[in-house]
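Accompanying notes for the structure given below.
Quick note: the coordinates plus some simple rules give every number you see, no bench work behind them. What you are looking at is a predicted structure, and each value in this text was computed from that prediction instead of being measured. Counting neighbours? That spans all protein chains shown, and the Cβs are built from the backbone with ideal geometry, glycine included.
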Amino acid sequence: MEYVIVLIVLAVVIYAISSPFRADRRVIAGHPGQPGQPGQTGAPSPAAAVVHPSAPLTQDAVAELEAARDAKYREIRDAELDVRTGKLSDADYEALDGALRGEAVEILHALDEARKPV
Amino acid sequence: MAAAGRVLLILGLLCSLYGLGASIYGARRGDRAWVDSGRRAMYSLAGIAAVAFVILDVAFLSSDFSYKIVAEGSSSTTPTFYRAAAIWATQQGSLLLWVLLLSGWSSLALFLTRRKVREIVPYAQAVLFTLCTFFIGLNVLFANPFATSATAPTEGAGLDPLLRHTTMMVHPPMLYSGYTLLMVPFAFAVGALISGRLSAEWIQVTRRFALGAWLCLGIGILLGARWSYTELGWGGYWAWDPVENAALMPWLLSTAFIHSIMIQEKRGMLKVWNASLVLGTGVMAIVGTFLVRSGILSSIHAFVSDPTLNISFVALIAVMVIGSVGLVVWRRDSLRADARLDSMVSREAVFLFQNLLLVALTAVIFWVTFFPLISEAITGTQVSVGPPAFRPFVVPLALMVVLLSGVGPIIAWRRVTAAKLRRSFVFPLLAAAVALVALLIVPGVINHGFALAMFVFGTFVVASVAQEFFRGMRARQAMTSESPPVALGRLVVRNRRRYGGYIVHAGVALALIGVAASTSFQHSRTSSLSPGQSVRLDGYVIHYVRPTASASPQKISLGAWLDVTQGGHQVARLHTTYGLYPSQDPTLGPIGRFFNSGSNESRVGLKAGLTQDIWTVISPNVAPLGPIINQGDTLLTRLINKAQRLPLAQQTQELNRIFSVRDVIIQGLTQRYISHPWKATFLMIVSPLVTWLWLGAILAALGGLIALWPMPRRTRRTARLSGPGVRPPRAPDSVPPAEPVREPELV
C-alpha cells in the first residue's frame, strides 16, 4: 500500500513537472483542427516555435506600467480623501491632484505604446 | 508507512533540487518552459510534504510507537487534539511543518505571479527552492521524522504537560506561517536585485505576503503570551525570553517594511532601505528559527540542541547575510530614489522616523538577547540577562513609535500647511491632555512616568484614529447622503488598506496601554495558607476555602478554591490546580513516578475583567505524602518483582491487580490531601488592564485582516483631466490635450 502511494505521487510529480515541455512540443509540432494554429499547414509558426526575445520583456513592461498606473490611481484617491478629511488645503490639493493626474496620463500613454504590437 | 514517508522526503529533496536547477537554467536561457516546470516542481513539493505530513500525523493519532518521535512526544492517553498537534512539538516534525508551509506559501506566490514580473520570478523561485532544499535536507539527513525503533515501546513518553494547552498547539503553526510567508518577499527582493527589475512592481505582488506574515507572526506572539499568562504560573505574559524575542524581531522589521514600501510605491523613494529591510527581515526569520532549535541561548521554549543542525543554520544565515549585502551593494546605483522628501512635516517623514525607531528597537533587542553569547565569546564568562536589561532601551523607543502611530494618520502625504496641521492635531491633543489631567489625579500614577506617558500617547493615538474615521465618514456622507453606519462601513470597505491600518494602530495603542498598566501597577504576593486562612492584597481579601484533588492513571491534580471579597462582597471564586503527570521511568517507583516525575503544569485561577485581573496559582506541597509514597513504592515494587516470576498468563493478571491496588493507593493519597490538608503556597496577583492587551491585540489582528483583504473589482468611472492646474503630459502633438482617465471610484 505504501509503495503504491509513493508510485502515485512519483507519477503525479513527473507528469506535473514535464507538462510545460509537452505543451511546448505540442505547440511546435502543431495540433490539427485548431484554426489559425500551426499544424494545419504542417509548418510551425515562428512565433510559436521560438519564444520571441522581446515578448516577455514587453509583457513585463506592460505589467510594470499597469502596476504604476494602479499606484498612481491610489495616490489620486488618497489625495482626494486627504482634502475631504481636512488634511490638505484646497490650494495644495489642486497642485497635487494636477501633478498626479498629469503623471497618470504619462503612464497611460506609455502603456498604450507598450501595448502596441511588436 | 514509515518507509513510504522516508522515500517521500527523499523524493521531495530531489524535486526541490530539480526545481532549483530548472529555475536557474530557465532564467539564464530565457526559456519559459523550464521556469514553468520549476514552478510545478514547487506545487509537487507542497503535495509531497502534505502527504508526508499526513502519514506522520496518522502515526501520532494512531499512537504508532514504532516511530521514535511518536514514542518520545505522545502517548495513548494524550487527548486526540494534542496527539494531532504533537507532531510539531518535536524537532523533526516541526521541520517538516516548516517545509510544508514554505512550499505551500511559495506555491501560492508563484501561482499568483505566474504571468507577472517574469524576469524576477525565476530567481525568486530559485531562492525559495534553495530554502526548501535546506529544510527538507535537514529532515532527510539529520532529523528524520520517520525513524523507527526495532522494538516499539508499549507506551509513549507523552506530550510535555506544559504544551497541553490549546493556544500552545496553534502558536507554532502561526509563527511558522509568519516565518515562511516572510520568505516570499525576501525571495522576490533577491530576484529583483539579481534581474535588475527594481520598480515597485515586485513590492506590489509581494505586499500581501509581507502583511500576511506580519499578521501570522503577531497572532503567534499573542498566543504565546496568552499561554505564558495562563499556563506557566509566573503571572506574566512576556519574559524577554530569547525565543520570544526571536519572533518579535522579524515582526518589528516587517512592521517597518509594510510602512516603508508605501513610500516606495507612491514616491519611488527608500529603495535601498526597503531592499535592505526585507532582506534583513528574511534573515531575522531564519535567525529566529535557529534560536528555537539551537539551544545556544537558555530558553524554556527551545528544542533539544543538535550541533549538526546548528552548523547548518549558521551556514545558511551567513550565506543569506553575505548574499544580501552583496546584492544591495551591487545594485546601489539602480536603487537611487526617484523623488526627494518634499517636507519634514509629511506622512513620508513620519514613516521614515517610525522606520528608524523600529529598526533601532530591533537592534537593541538583538544586542541584549545575544549579549550572553557575545560576552562569553569575548570574556569567556557566561552572563544572563533578564527583563531589566531590556526596559531602559525598549520603553522609550516604544513610546516614540506609539506617538508616531498617532501622528501618521492625521498628516497628509507630501506636505501639509500649518493651518491644516493645527486643525488635525486639536482633537487628539485635547484628548491626550484630558487623559493626562485625569490620570494625575489617580494616586501613584505620577511615580510611573513611562506608564503615564504610554497612557497619554495611547489616548492620542486612539483619538487621532477616531477623528480619521469620523472625518472620513462625514466626507462620504457629504457626497452620498448615506446614513452614518452605512457611510462608515463603505468608507472602510473602499479604503481597506488605509482604515485597516488605522484599526491596527488603535489596537496596538490599546494593547500597549494594557502592558503599561499591568506591569507598572501590579500588586502581588506569595503566601503559604492553610484552608480557612486569608490574606489581603490591593484592597481584596483572598480566603483559602478548601483543597481539591483528583486522580487518574494519566494525571493527579491538586488544587484549591479561593474566595475573593472586597468590602464584604464576593468578587470572585477562583479555582487553581497543579497537575502531576506520571513519568515512564520505572526507577521512580510505581507511585513515586506520579509525584516526582518533574512533568507538571499549572492551571491558574483567573477572574478577568475590563479594569483588572485577579490571578492566582497554587504550588502544593507534596512532601508530607513522602513517607506514604515510599512505603507504597516499596510494597508494590516487591509485589511486581514477585509477579514477574510467575508464568506469563498469571503474570498479566497479577500485574493488573497490583496496578489496581496502586490506583487505589493514589486515590487514597489524593483524598488525604483533602481530608488532612496542610499549607499550600499561593502566588496572587491583582493586575490592572491586562484584558486591554488581549482586546487591543485582537483589534490589531482584525485591522490587519481588513488591510489584507483584496479589493473587489468594481465599476470604474471616467474623469477628464482638462482644467486649470493640470500639467500637460509630454505627448506627441497628435494626442489631444485633454485625455479621459479611467480611475477607481473615489472615497
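Report, in debye and to the nearest 20, how large the dipole of the range B:312-427 comes out about its Cα centre when Lys and Arg carry +1 and Asp and Glu carry -1 on their Cβ.
Dipole of the range B:312-427, to the nearest 20 debye: 660 debye.
Mind giving me the nanometre distance, one decimal, between the label points for residue B:646 and residue B:311, set 7 Å out from Cα along Cα→Cβ?
For the pair residue B:646/residue B:311, the computed spacing is 5.4 nm.
From the Cα trace of the range B:240-381, what convex hull volume per residue do you get, rounded to a whole Å³?
Details: hull volume 17.1 nm³, N = 142.
In the range B:240-381, the Cα convex hull volume per residue is 121 Å³.
Given just the C-alpha atoms of the range B:540-594, how large is their convex hull per residue in cubic angstrom?
Per-residue hull volume (Cα only) is 75 Å³.
As I understand it, the dipole of chain B uses +1 on the Cβ of Lys and Arg and -1 on the Cβ of Asp and Glu, about the Cα centre. Which of B:641, B:398, B:93 lies farthest toward its positive end?
In chain B, that residue is B:398.
Farthest toward the dipole's positive end in chain B, which of B:123, B:78, B:448, given Cβ charges of +1 (Lys, Arg) and -1 (Asp, Glu) about the Cα centre?
B:123
Which one of B:615, B:287, B:386 has its Cα pushed farthest toward the positive end of the charge dipole of the protein assembly as shown, where Lys and Arg give +1 and Asp and Glu give -1 at the Cβ?
Final value for the positive-end residue is B:615.
Where the centre of each part is set by its Cα atoms, how far does the range B:443-519 sit from the range A:66-91, in angstrom?
For the range B:443-519 versus the range A:66-91, the Cα centre distance is 21 Å.
Find the centroid of the Cα atoms in the range B:79-149 and in the range B:229-270, then give the distance between the two in whole Å.
23
Expressed as a whole number of Å, what is the distance separating the alpha-carbon centroids of the range B:530-588 and the range B:324-371?
Comparing the Cα centres of the range B:324-371 and the range B:530-588, I get a distance of 51 Å.
Work out the length of the dipole vector of the range B:150-303 about its Cα centre, built from +1 on the beta-carbon of each Lys and Arg and -1 on the beta-carbon of each Asp and Glu, and round it to the nearest 20 debye.
That gives a dipole near 640 debye.
About its Cα centre, what dipole magnitude does chain B give when the only charges are +1 on Lys and Arg Cβ and -1 on Asp and Glu Cβ, stated in debye to the nearest 20?
It comes to approximately 2420 debye.
With an 8 Å Cα cut-off and a minimum separation of 6 or more residues, compute the relative contact order for the range B:595-709 in percent. Walk me through the intermediate numbers first.
Numbers: 84 pairs, mean separation 49.9, N = 115.
Normalised by residue count, the contact order of the range B:595-709 is 43 percent.
Mind checking which lysines have their C-alpha under 30 Å from residue B:679, skipping anything on the same chain fewer than 8 residues away?
Qualifying lysines at Cα under 30 Å: B:555, B:607.
In degrees between 0 and 90, to the nearest 10, how far off the longest principal axis of chain B does helix B:91-112 point, with axes built from Cα atoms?
20
Return one number: the angle in degrees, 0 to 90 and rounded to the nearest 10, between the long axis of the Cα atoms of helix B:242-267 and the longest principal axis of the Cα atoms of chain B.
10
In degrees from 0 to 90, rounded to the nearest 10, what is the angle of the helix B:307-330 Cα long axis to the longest principal axis of chain B?
Relative to chain B, helix B:307-330 is tipped by roughly 10 degrees.
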